[in-house]
Amino acid sequence: MSDHPRSPLDELPLIRGLARNPAVALTVLVVLLTLVSLVLAVQTWGLVALGLVALATVPVIFVVLFLITLGR
């Protein structure tokens, strides 16, 4: 057993899971930052920000569709 005191946060499954897998923690952090920035952009510029995000994701969606079609 280890000698360090356990935090109450250690009992939460989400915190424990993120601490075990840093790649998942980084992915969660990136997704949260993206969503926060999108919300701030919509609050600042309105629906135009959503339109620009949709326009920027079109090439990404096309690549995903091509990869699905090719079976990769």
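Using a 7 Å offset from the Cα along the Cα-to-Cβ direction at both Phe66 and Leu18, what is the distance between the two label points in nm, to one decimal?
For Phe66 paired with Leu18, the spin-label model returns 3.5 nm.
Would you kindly calculate the mean projected area, averaged across all directions, of the convex hull enclosing the Cα atoms of the range 8-70, in square nanometres?
One quarter of the hull surface, i.e. the mean projection, equals 6.6 nm².
Readers should treat all values here as calculations from the given coordinates under stated rules, not as data from a laboratory. In this text the structure is predicted, and so the values were computed from the model without any measurement. Please note: Cβ atoms are built from the backbone with ideal geometry, for glycine as well, and neighbour counts cover all protein chains shown.
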